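The values are calculated or read from the model by the stated rules, or taken from the named source; none is laboratory data. Predicted model, so just to flag it, every value in this text is computed and none were measured. With ideal geometry, Cβ positions are generated from the backbone for all residues, glycine too; neighbour counts draw on all protein chains shown. Keep in mind that these areas ignore ligands, DNA and RNA; they rest on the heavy atoms of the full protein, side chains included. Shrake-Rupley method; radii C 1.70, N 1.55, O 1.52, S 1.80 Å.
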Amino acid sequence: MKRIIITAALLGGVLFQSNAQEFTIGVNAAQAGTNYKLPNGKVQLKPSFGGEIGLQVPLNNHLKILTGVEFFRYQSKATLADNKMYTHNQIDDVGSSFEYRVVTSGYTETQGITALRIPLMLQFTTGSLNKTQWYFNAGGKFMLPGKISVKANASRLTTTGYYPDVNAEVHDLPQHGFGIVNNWQSNGTYSTRSGWLLST
């Protein structure tokens with residue numbers, strides 16, 4: 001199952017103060033994206049970016065509630081080792097079951113997703129304005145992700161179908177999806193679900 005790894009580093013921002021509340025505008029960048037286990041492959045997080053509008057509401061001299069709206073663009077890249085076989089079971093157009101086999105060469109896949117995040121955090125501040133201060137945040141973020149866009153390509157795909165009932169493997173039947181494809185490419189989108197993220 002895919003999971004989102006979130007890392008954020010504040011690059012810059014502007015602070016405004018209105019009465020006892022503070023508003024912030026910030027720009028964020030990090031190595032962030034979808035991260036998951038990939039047999040015979042690896043997933044690399046790519047540079048990602050976003051922005052935020054924050055609201056800080058003081059409860060007392062040491063406690064604040066942090067909220068606002070954030071957006072972030074996550075990006076990652078997946079690669080598969082060459083000449084490894086991947087299989088799954090299928091049923092053909094006449095009802096016979098077979099094992100669909102794919103061997104890849106030069107396979108890469110880039111993934112991107114834009115998400116809206118609504119934080120709800122409690123911040124504890126030590127010290128005073130005249131001294132060094134430490135900030136400790138704890139809470140969560142409600143995440144509303146968009147669809148994941150996927151772009152995949154491979155220098156070569158070799159597809160075959162193995163029929164265990166007759167112990168036969170079909171190699172060269174392109175009208176049924178079996179054969180060799182050079183310079184293969186594919187694009188697609190996948191739906192996601194919203195959820196809560198713990199944050200500190």
Exercise. Please enumerate the residues belonging to region 177-193 that are in contact with a strand residue (DSSP E or B) (Cβ under 7 Å, 6 or more places away or on another chain) and open to solvent by 100 Å² or more (accessible area, probe 1.4 Å).
Key: 180, 183, 185, 187, 190
Self-check item: Of the criteria (1) touching a His at 6+ places or on another chain (Cβ under 9 Å); (2) of a type outside the set (Val, Ile, Thr); (3) without any contact (Cβ under 8 Å) to a residue 60 or more places away in the chain; (4) under 30 Å from residue 65 (Cα atoms), which one residue 144 fails
Solution: (1)
Exercise. Any residue in region 48-66 that's over 16 Å from residue 119 (Cβ atoms) and assigned to a strand (DSSP E or B): show its pairings with residues that are basic (Lys, Arg) and open to solvent by less than 50 Å² (accessible area, probe 1.4 Å) at Cβ separation under 7 Å, as long as the two are six or more apart or on different chains.
Key: 58/64
Quiz item: If you go through region 106-125, how many residues are hydrophobic (A, V, I, L, M, F, W, C) and within 17 Å of residue 31 (Cα to Cα)?
Solution: 2
Quiz item: Of all residues in region 98-135, how many are free of Cβ contacts under 8 Å to residues at least 24 places away in the same chain, touching a Phe, Trp or Tyr at 6+ places or on another chain (Cβ under 8 Å) and at negative phi?
Solution: 1
Quiz item: Scanning region 117-136 for residues that are touching a Ser or Thr at 6+ places or on another chain (Cβ under 7 Å) and open to solvent by less than 60 Å² (accessible area, probe 1.4 Å), which turns out farthest from residue 100 (Cα to Cα)?
Solution: 133
